[in-house]
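Colleague: Let me begin by handing over the structure; questions about it come next.
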Ligand SMILES: [Fe+2]
């Protein structure tokens, strides 16, 4: 027997030297057949996963940003100030109503479900005046006083500010063009700035101060006073937020204040993601949002409010 033939010998037991019975060919594990699920191993190969990553994930991201996120309303909760919250404030901004009445009604339903003491709006009701009446018709259904300031699109659209004012007043609130309103139900003062006249409003004493502005980077125009909350919009959060990058596009007047809560020398600044969209109906990692802010009163404000409350 030569070496070649020896290589074909049947395998033998290393202890006894007896030949080991060979497994029948049908029972031998052969490739994918061993799983009982033909093609499974080959289907989950590294190359397939790579293809899924290259083609599947971007497709999911596009589907999410076009069809899911633009109307996937989120409610974000925030607590500002020390101590027990004394006021529930719902904030929304950048409605950009373009005729989607169903979405508008959903926004108003979510606002009402939060049962806020007041609702604040940060500007940009519409881009075209033809949609104003429908937008206001929806906002009149808000069951809390609605306060708001204009955004750049409200000016550019030529929207009738007197009409907006009447609609906001119908809720018990006000359209605040460099105006201050002191609420009766809670010790809160709402100051609405157009940011065209820096330092034009003087907050009063003994109340929590809420400033409304449209452009977040313009908070230095508020003056030297401190506020309990400064609420702004305009950025839309960038609408498309890339991992490790943040907002893909930031319009003027945003600066570094693109989304969320920031500490500033004049108080906490909150920049909302907005409700609608501008330019393209796209949102990615930046859902439209309503923000529910639970505002705690400072000791001084709480003491003043308590002193002014009727006793006996
Ligand atoms: Fe906007």
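The values are calculated or read from the model by the stated rules, or taken from the named source; none is laboratory data. Since the structure is predicted, the reported quantities are computational estimates derived from the model, not experimental observations. Using ideal geometry, Cβ is built from the backbone for each residue, glycine included, and neighbour counts are taken over all protein chains shown.
Colleague: Filtering segment 255-274 down to residues that are in contact with a helix residue (DSSP H, G or I) (Cβ under 6 Å, 6 or more places away or on another chain) and assigned to a loop (DSSP other than H, G, I, E, B), which residue is farthest from the ligand (Cβ to nearest atom)? Steps first, answer last, please.
Modeller: Going residue by residue through segment 255-274, those that are in contact with a helix residue (DSSP H, G or I) (Cβ under 6 Å, 6 or more places away or on another chain) are 255, 257-259, 264, 266, 269, 271, 273-274.
Filter again for assigned to a loop (DSSP other than H, G, I, E, B), leaving 255, 257-259, 266, 273-274.
Working: 255: 16, 257: 14, 258: 13, 259: 13, 266: 23, 273: 11, 274: 6 Å.
Looking at the filtered set, the residue picked out is 266.
Colleague: Sort through 151, 172 and tell me the only one that's modelled with pLDDT of 95 or more, within 21 Å of residue 236 (Cβ to Cβ) and in the same structural domain as residue 295 (by TED's automatic domain parsing).
Modeller: On the way: 172 fails: within 21 Å of residue 236 (Cβ to Cβ).
Of 151, 172, the one residue that is modelled with pLDDT of 95 or more, within 21 Å of residue 236 (Cβ to Cβ) and in the same structural domain as residue 295 (by TED's automatic domain parsing) is 151.
Colleague: Let me ask something else. If I go through segment 140-166 residue by residue, how many of them are within 16 Å of the ligand (Cβ to nearest atom) and within 20 Å of residue 107 (Cβ to Cβ)?
Modeller: 9
Colleague: Still on this structure, I have one more. Are any residues in segment 206-253 within 16 Å of the ligand (Cβ to nearest atom), assigned to a loop (DSSP other than H, G, I, E, B) and farther than 30 Å from residue 64 by Cα, and if so, which ones?
Modeller: Once the filter is applied, which keeps residues that are within 16 Å of the ligand (Cβ to nearest atom), assigned to a loop (DSSP other than H, G, I, E, B) and farther than 30 Å from residue 64 by Cα, segment 206-253 yields only 213.
Colleague: Of (1) within 13 Å of the ligand (Cβ to nearest atom); (2) under 18 Å from the mean Cα position of the chain (by Cα); (3) farther than 16 Å from residue 174 by Cα, residue 125 satisfies all except one. Which?
Modeller: Against the list (1) within 13 Å of the ligand (Cβ to nearest atom); (2) under 18 Å from the mean Cα position of the chain (by Cα); (3) farther than 16 Å from residue 174 by Cα, residue 125 comes up short only on (3).
Colleague: Now for a different question. In segment 264-288, what count of residues is obtained for those that are surrounded by fewer than 20 Cβ atoms within 10 Å (Cβ to Cβ) and under 8 Å from the mean Cα position of the chain (by Cα)?
Modeller: 1
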